[in-house]
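The values are calculated or read from the model by the stated rules, or taken from the named source; none is laboratory data. Remember, it's a predicted structure, so these values are computed and weren't measured experimentally. As a convention, Cβ positions derive from the backbone with ideal geometry for all residues, glycine included, and neighbour counts pool all protein chains shown. Ligands, DNA and RNA are stripped out before the accessible areas are found, and what is left, the full protein with its side chains, is counted by its heavy atoms. Shrake-Rupley method; radii C 1.70, N 1.55, O 1.52, S 1.80 Å.
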Amino acid sequence: MRPTTVFCMLLLGLCCTAANAMPTDDPREQLDRGIVARATGDGNVYIGWRLLQSDHEDLAFDVYRRTGDAEPVKLNSQPVSKTTDFVDATAKKGRQHAWFIRPVLDGVTGPPSRDATLTDAEATDYVSIRLDGGDSNEQYTFQKIGIADLDGDRRFDYVIKQPNFNTDPYYKPGYWKKSPGTYKLEAYRHDGKLLWRHDLGWSIEQGIWYSPYVVYDLDGDGCAEVAVKTGEGDPRDETGRVLSGPEYLTILDGRSGKPIARLDWPSRDGFEKDRTELAAYNYYCRNQLCVAYLDGRTPSLIVQRGTYNVMKTVAYDLREGKLTRRWQWDNRNAPKEYWGQGAHWMHAADVDEDGREEVLLGSITLDDDGKPLWATGLGHPDHFYVGDIDPSRPGLEIYFGIESRKAERNGMCLVDASNGQILWGHEGPTRHVHSKGMCSDVDARHPGVECYSADTDAQKKFAWSKLRTCRGEVIDEANLGGFGALTAYWDADPQRELILDGRITNYPGRETSTRIEGRVVAVADVLGDWREEIITSVAGELRIYTTTIPAAARRTCLMQDPIYRCDVISAATGYFQVPMTGGERGVGSGE
């Protein structure tokens with residue numbers, strides 16, 4: 001056998017480990033090909049699959065269809081190399097079909113992927129998971145979703161938090177409401193099987209800030225855990241608020257939902273200096289979670305308490321069923337520019353390019369050892385995005401929409417992620433830059449990523465907005481979804497599309513044929529090629545919309561981009577923002 005052929009066979013073995021679930025010492029998340037088959041609407045079947053980081057650049061694929069018990073038929077005349085999708089125009093309706101792929105390199109064919117099936121009853125552009133209503137069988141909706149492999153088969157599973165009810169700790173009328181029930185976490189396999197249900201109980205109020213959770217493989221055993229804030233008993237006061245009682249960081253086994261580790265959550269101490277008990281309650285009830293590779297190799301869990309004044313951050317490692325503290329930080333003895341700088345989201349990214357990830361809390365960034373790296377002092381951002389926003393600059397950038405009232409300038413700004421230096425900012429005052437904003441490459445006429453934010457009027461309603469290039473040039477002042485729009489990679493071009501009013505729209509306003517039903521809960525690359533899925537909550541149902549538009553190029557699975565993966569993890573806590581990448585400029589273009 002020729003040496004090149006031996007090399008190819010070995011390489012194909014490496015390429016196929018994700019499909020065949022072979023053991024690995026790589027602590028990063030392992031994925032299979034994510035193959036999916038969906039009807040295109042014109043009688044054809046679209047098949048899509050993942051390109052993995054471990055794949056050789058010359059790797060191609062053959063596509064096969066199996067009908068009933070017959071021998072598989074290869075559908076392509078030449079190996080598929082420019083994309084990781086294929087349209088089958090010859091599958092007959094009413095037959096039992098299954099599709100799979102084989103990798104090909106230098107003429108050597110590797111093992112098959114798992115099958116993707118499609119029945120006439122599934123002739124939709126979405127995958128449906130029916131939610132189990134428990135004893136009541138009510139068709140509830142869910143608020144949040146965690147995405148990870150719970151059982152080690154290298155396919156994404158889902159942990160939802162239901163119902164979709166939210167109360168905010170702010171004490172002025174219209175914000176805080178008494179919780180009518182308790183949150184439940186429910187774990188579903190990719191095939192819709194309910195694995196377990198965990199009731200968070202009356203010690204956790206039904207609001208986003210009381211109930212953070214994240215889902216990820218924290219101990220490197222190939223199966224994800226669920227980290228969640230928990231309490232004990234029923235400590236509610238006469239109004240229904242939880243002002244006392246124990247609070248924990250609890251780790252649940254992803255396969256069974258059983259607790260495997262627990263320790264105290266950062267305490268409420270230090271917030272009592274505020275004017276009233278309810279003012280302190282508003283501040284200490286802001287809690288978040290995140291995952292960061294602080295040593296560059298293994299994941300750590302980041303626990304955060306406080307956003308608007310006092311901030312406490314602790315990093316933990318989960319090893320052999322035990323949580324150990326790596327470091328802790330709080331701002332009570334820090335300079336004033338470190339106070340009130342938190343956000344509604346945490347990010348993790350290697351901003352200083354030392355191979356280890358930093359923790360971005362908002363207008364503050366902590367180094368991988370927990371020591372402050374920089375602070376802008378601009379105040380609390382309602383939204384902030386980290387990624388390769390300006391491709392002409394080395395390193396990463398952060399786009400901020402600063403909520404702080406009556407800022408004189410820089411209420412919308414771009415900063416260097418390595419040092420917090422402001423690269424450009426809005427010249428003039430802003431009142432309260434609000435909600436999620438937008439940071440996505442939606443306009444092909446300009447390089448890099450476009451940045452959008454909107455300001456409020458005196459009644460906290462939409463006042464005006466700006467869409468800027470990555471260099472800060474204003475290119476549009478139109479209202480794009482009010483205070484922000486969700487986006488997704490959906491069609492064949494390298495730009496993201498807007499998700500507005502249940503429709504997928506190319507900027508500045510051309511609709512696609514896809515209509516999205518339900519509330520969008522997440523956008524993530526969970527199936528097929530690098531285009532993103534749109535996950536929605538419909539009564540009694542979890543829907544995963546996936547594109548059937550043939551691609552023009554291929555790209556590595558977005559979930560293997562460290563920044564993107566961290567953003568998807570963090571989407572289960574805080575307010576939702578679409579995930580960013582560390583190399584947005586190269587999406588789908590091969591650049």
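Miscellaneous remarks
- The simple Förster model, with R0 at 30 Å and r as the Cβ-Cβ distance, assigns A478 and R519 a FRET efficiency of 0.80.
- Extension gain, K177 to E138, is 11.8 nm, computed as 0.36 nm per intervening residue step minus the present C-alpha separation.
- Under the Debye formula (equal points on every Cα, no solvent term), log10 I(q)/I(0) of region 28-114 at q = 0.16 Å⁻¹: -0.64
- Dipole of the chain [Lys/Arg +1, Asp/Glu -1 at C-beta], most positive-end residue of Y170, V127, C285: Y170
- Accessible area of the chain belonging to carbon and sulfur atoms, whole % at 1.4 Å probe: 47 percent
- Peptides 42-49, 91-98 ordered by packing proxy, namely the average of other Cβ atoms within 10 Å per residue, highest first: 42-49, 91-98.
- Inter-label distance, nm, simple model (7 Å from Cα along the C-beta direction), A98/D199: 4.1 nm
- Residues in region 507-586 average 27 Å² of solvent-accessible surface per residue, probe 1.4 Å, ligands and nucleic acids excluded.
- Charge tally around D234: other residues with Cβ under 15 Å, Lys/Arg +1 each, Asp/Glu -1 each, net -3.
- Distance between region 43-59 and region 338-355 - C-alpha centres, whole angstrom: 33 Å
- Cα-only radius of gyration and Dmax that characterise region 364-482, units Å: 13.9, 43
- Pairwise Cα inverse-distance average, inverted: Kirkwood Rh of region 256-358 (Å): 15.1 Å
- Per residue, the convex hull spanned by the alpha carbons of region 188-287 comes to 110 Å³.
- Its Cα gyration tensor gives the chain an equivalent ellipsoid, and the semi-axes of that ellipsoid, as √(5λ) in whole Å with the largest first, are 39, 27, 24.
- Protection proxy ranking, peptides 168-179, 294-305, average beta carbon neighbours within 10 Å, highest first: 294-305, 168-179
- Peptides 241-254, 377-390, 421-434 ordered by average Cβ neighbours within 10 Å, highest first: 377-390, 241-254, 421-434
- Directionally averaged projected area (region 137-193, Cα convex hull): 5.1 nm².
- Subset of K144/K172; K312/K371; K178/K461; K229/K322; K184/K436 violating a 21 Å alpha-carbon distance limit: K144/K172; K178/K461; K184/K436
- Remark: region 303-313, residue by residue, has Karplus-estimated 3J(HN,Hα) of 10, 10, 10, x, 9, 9, 8, 5, 9, 10, 10 Hz, where x stands for each Gly or Pro and the curve is 6.51 cos²θ - 1.76 cosθ + 1.60 at θ = phi - 60°.
- Alpha carbon convex hull of region 282-337, volume per residue in cubic angstrom: 94 Å³
- Dimensionless Rg/Rh of region 68-107 - Kirkwood Rh, Rg from C-alpha atoms: 0.98
- Whether region 317-417 is rounded, prolate or oblate, judged on the alpha carbon gyration tensor where a/c under 1.5 counts as rounded: oblate
- Binned Cα-Cα distance frequencies in region 153-241 - 5 Å width, integer %: 3, 13, 21, 21, 16, 11, 8, 5, 2, 0
- Once the chain from S392 to E427 is taken as fully extended at 0.36 nm per residue, the excess over their C-alpha distance is 10.3 nm.
- Length added when fully stretched, D42-Q78, from 0.36 nm per residue minus Cα-Cα: 10.5 nm
- The average projected area of region 498-591, computed from the convex hull of its Cα atoms over all directions, is 6.8 nm².
- Helical runs (DSSP H, four residues minimum) scored at -39500 (n - 2.57) apiece and divided by the length of the chain put the mean residue ellipticity at 222 nm at -1500 deg cm²/dmol.
- Cα→Cβ-extended label distance, 7 Å offset, between D191 and V108, nm: 3.3 nm
- Sequentially through region 391-400, phi angles give Karplus couplings (6.51, -1.76, 1.60; θ = phi - 60°) of x, 7, 9, x, x, 9, 10, 10, 9, 10 Hz, Gly and Pro residues having no value and appearing as x.
- Nitroxide proxy distance, nm - points 7 Å out along Cα→Cβ at K371 and E353: 2.2 nm
- Restricting the calculation to Cα atoms, region 392-437 shows an Rg/Rh of 1.01 when the hydrodynamic-style radius is the Kirkwood one.
- Using the Cβ of A488 as centre and a radius below 9 Å, the other residues enclosed give a net charge of -1, where K and R count +1 and D and E count -1.
- The phi-based Karplus calculation (6.51 cos²θ - 1.76 cosθ + 1.60; θ = phi - 60°) puts the 3J(HN,Hα) values of region 465-482 at 9, 9, 10, 10, 6, 5, 9, x, 6, 6, 10, 6, 10, 6, 6, 9, x, x Hz, whole numbers, x for Gly and Pro.
- In the full protein context, region 331-425 carries 34 Å² of accessible surface per residue, based on a 1.4 Å probe and ignoring ligands, DNA and RNA.
- For region 149-170, the residues whose amide N sits under 19 Å from a probe point set 7 Å from the Cα of K258 along the beta carbon direction are 150-152.
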